[in-house]
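Since every read-out is calculated from the coordinates, none of them should be taken as a lab result. Keep in mind that this is a model prediction, so the values were computed, not measured. Heads up, the Cβs are rebuilt from the backbone with ideal geometry, glycines too, and the neighbour counts pull from every protein chain shown.
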Amino acid sequence: MKANLLLVVSVLLTGCSVSVTPNKTTVDTIVETFEFRVTNKDVAMDKSVNFVNQINSQYPKSTFAINYDTEESQFVDGFVKEIKAKGVNKLRYTL
């Protein structure tokens, strides 16, 4: 009888003392703004693509918002082609 009571008490105590770690979600937000006042668009393209590559390698689920002046639509078209070629899915960026 005492053995059964001791067994039940020990099972209850061990069941109540087990720690359960909660699920944790970490969200990192990085905001970077580039404004290029250079006449050499190749330099601007290289800097932009390098930035996207760096973020993409560190944070593979990152998303990008691309805001631009309508006069620079050709530049943005080239930029989008470059980041697509680097493996950034079209669902991960917005224009």
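Brief remarks on what is shown
- Of the residues in region 62-80, none is surrounded by 13 or more Cβ atoms within 10 Å (Cβ to Cβ), of a type in the set (Asp, Glu) and in contact (Cβ under 8 Å) with a residue 12 or more places away in the chain.
- Subset of region 68-89 (residues that are more than 19 Å from the chain's Cα centre (by Cα) and in a loop (DSSP other than H, G, I, E, B)): Tyr68, Asp69
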